[in-house]
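S.K.: Encoded as structure tokens, here's the structure I'll be asking about.
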Amino acid sequence: MRNTTYIREIEKYEGQVVTLSGWLYNMRSSGKLRFILLRDGTNVIQAIVSRNDVGDEIFNRCDLLTQESSLKITGLVVKDVRSPIGYEIQVNDLEIVHIAEEYPISPKEHGTPFLMDHRHLWLRSSLQHAILNIRHEIISACRSYFDNNGFTLIDAPIFTPAACEGTTTLFETDYFGSKAYLTQSGQLYMEAAAMAFGKVYCFGPTFRAEKSKTRRHLTEFWMIEPEMAFCDLNGDMDIAEEFLEYIVQRTLKNREAELKLLERDISKLQNVKRPFPRISYDEAVDILKKSAEGQAFEYGNDFGGGDETIISAAFDRPVMVHRYPADVKAFYMKNDPEDASKALCVDVLAPEGYGEIIGGGQREDDYAVLLDKIKKHNLPVEAFDWYLDIRKYGSVPHAGFGLGIERSVAWICGLQHIRETIPFPRLMHRLQP
RNA sequence: UCCUGCGUAGCUCAACUGGCAGAGCGGGUGACUGUUAAUCACUAGGUUGUAGGUUCGAGUCCUACCGCAGGAGCCA
């Protein structure tokens, strides 16, 4: 058993009799007519059942149908200007596959906690369907970009023996009697892989046990992390902006219908073209100091969510902020040779207040300096033996970055909250479904 | 962890200063041959988050707890 006809390509079948399989999205009745909205995962189409055409037995079957019941409809595909998709089905036959119990999600308003409790059903709704289709497009574009530019996919492990960045809280698990942690970045492994393959990337889930309750945080999210040997900070920024331009422009091209359904202001995305502005941390602080709300900012700190919004509001496309104070950045960042207090790092801030979507930079490639940094951060040196080895056997300048998939999806879709950008979100207060 | 707010029908919400527990949607029954979140009529549906307290009387006031939402810190 296999479907051959989907609503997405219904225009190919105009004037023909087809069988569609799907679920009842909604039904209206009018005397001896039944209007069935059939959803098949690719789109929704209206099917008209007339008592005079199908006879009493098939017609009465319609009245057994409940919202989200599964069914097969056979009928003639006809053009109709009243239809949102231009076509409808005049039904000859209707087969019920399963009568659904009373469906909890009605076509009217619901609150997010209720919908999240029913996330496994909420996925069937049109807006969620659009968001996850765009997520699929973005992930597909990310992979295409790296695959087409000479990068090799190298999967990083999920279980790790120690923190990549000492500051963040990790999820701890029992690993045959010893401790293991869920990864918060594949980067260290990508550095090793870059020395073997030149240009590599990994794409996988990432875990943060921070008790963050904001619209920008998940405890489990997906990150794509490229790493390049023989690459400095400028080369890193070149790749980051070309990469971002590619995924945004490809999504615009292939997912116009979904973006329209989400009422996304497309013009904001059309601006996402190279070159992106590149400003230093010091210049970003100047922007803050000139703004009304940012004057309280203390030089030397990392930017908070509100600070990032002010900085990004000064530009009409993503802005790359480089050379933060080394003290607020991770131990593996290389210091700027022209100003040792700064790190050769870059954060890409999305427009419209969506915050940091990319973080990256040039890595420390000197053995002695890196060892010193590990010690200064109070990290266990033994756990980083293998990582230090990379600096012992043909060390080279190298750089990379990580892009947060969900924050990117939220930005491109124009969503208020990150939780709808992933099929089954994991939040501080949500592990179900 | 801290700050703020919210818990009333399946869902979304009302209920004045403490005075009979309400509506819309959804469900059920019926009407309707072009409906677009269809419409119309009828109908069922409640331990007001939990436990105490104040009061003649608590959805409403007080205390504690539980759950949830937003924000801060931290980060992608």
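The values are calculated or read from the model by the stated rules, or taken from the named source; none is laboratory data. What you see is a predicted model; the values in this text were computed from it and never measured. The protein model used for the area step is the full one, side chains on, heavy atoms only, and it has no ligands, DNA or RNA in it. Shrake-Rupley method; radii C 1.70, N 1.55, O 1.52, S 1.80 Å.
S.K.: Whole number please: convex hull volume per residue, Cα atoms of segment A:119-421, in Å³. Mind showing how you got there, number by number?
M.R.: Numbers: hull volume 42.8 nm³, N = 303.
Dividing the Cα hull volume of segment A:119-421 by its residues yields 141 Å³.
S.K.: Something else: Quick one: what does P(r) look like for segment A:56-160 with 10 Å bins over all Cα pairs, in whole %?
M.R.: 11, 22, 29, 21, 13, 5, 0
S.K.: So, for chain A, what is the accessible surface per residue at a probe of 1.4 Å, expressed in square angstrom?
M.R.: Heavy-atom accessible area per residue stands at 48 Å².
S.K.: Given H placed 1.01 Å from N in the peptide plane, which residues other than close sequence neighbours of A:L170 have an amide H under 5 Å from its amide H?
M.R.: A:A209
S.K.: Here's something else I'd like to know. Tell me the accessible surface of A:W122 in square angstrom (1.4 angstrom probe, heavy atoms of protein chains only), to the nearest ten.
M.R.: Approximately 20 Å² of A:W122 is accessible to the 1.4 Å probe.
S.K.: Using only protein heavy atoms and a 1.4 Å probe, report how much of A:Y6 is accessible, in Å² to the nearest 10.
M.R.: Estimated to the nearest 10 Å², A:Y6 gives 80 Å².
S.K.: At 1.4 Å probe size, put A:I287, A:I158 in order of accessible surface, largest to smallest.
M.R.: A:I158, A:I287
S.K.: Another question about this same structure. Roughly how many percent of the accessible protein surface of segment A:7-98 is carbon and sulfur, given a 1.4 Å probe and a whole-percent answer? Before the final figure, lay out the partial values.
M.R.: Values: 2230 of 4770 Å².
Ligands and nucleic acids excluded, carbon and sulfur give 47 percent.
S.K.: Output wanted: per-residue J couplings in Hz (rounded whole) for segment A:80-91, from phi through Karplus 6.51 cos²θ - 1.76 cosθ + 1.60, θ = phi - 60°, x for Gly and Pro.
M.R.: Coupling constants for segment A:80-91: 8, 5, 6, 7, x, 9, x, 9, 9, 10, 9, 6 Hz.
S.K.: Ok, one more. Report, by chain and number, residues whose modeled amide H sits under 5 Å from the one on A:S280, excluding near sequence neighbours (fewer than 5 apart, same chain).
M.R.: A:H322
S.K.: With runs of 4+ DSSP H residues as the only contributors, calculate the mean residue ellipticity of chain A at 222 nm using -39,500 (n - 2.57) per run, divided by the residue total and rounded to the nearest 500.
M.R.: When only DSSP H runs of four or more count, the value is -9000 deg cm²/dmol.
S.K.: So which of A:K199/A:K334; A:K199/A:K268; A:K32/A:K72; A:K213/A:K268 end up more than 25 Å apart, counting from Cα to Cα?
M.R.: Details: A:K199/A:K334 19 Å; A:K199/A:K268 31 Å; A:K32/A:K72 20 Å; A:K213/A:K268 28 Å.
Check vs 25 Å cut-off fails for A:K199/A:K268; A:K213/A:K268.
S.K.: Tell me which residues come under 5 Å, amide H to amide H, from A:G355 once H is placed; ignore anything under 5 positions away on its chain.
M.R.: A:A350
S.K.: Once you treat every alpha carbon in segment A:276-420 as an equal point and sum by Debye, what is log10 I(q)/I(0) at q = 0.14, 0.19, 0.20 Å⁻¹?
M.R.: -0.74, -1.11, -1.17
S.K.: Also, quick follow-up: In whole Hz and in residue order, list the ³J(HN,Hα) couplings for segment A:10-23 that follow from phi through the Karplus curve 6.51 cos²θ - 1.76 cosθ + 1.60, θ = phi - 60°; x for Gly and Pro.
M.R.: With coefficients 6.51, -1.76 and 1.60, one gets 5, 5, 5, 10, 4, x, 10, 8, 10, 10, 10, 10, x, 10 Hz.
S.K.: Over 28 Å between Cα atoms: which of A:K289/A:K376; A:K179/A:K376; A:K179/A:K375 fall into that group?
M.R.: The answer is A:K289/A:K376.
S.K.: Okay, moving on. Antiparallel versus total DSSP beta bridges in chain A: what percent is that, nearest 5?
M.R.: In chain A, approximately 90 percent of DSSP beta bridges are antiparallel ones.
S.K.: Using the Kyte-Doolittle scale, which helices in chain A average at least -1.0 and also have C-alpha atoms spread 20 Å or more along the helix axis, with helices defined as whole DSSP H runs?
M.R.: Counting only whole DSSP H runs, the qualifying helices are A:126-147, A:233-254.
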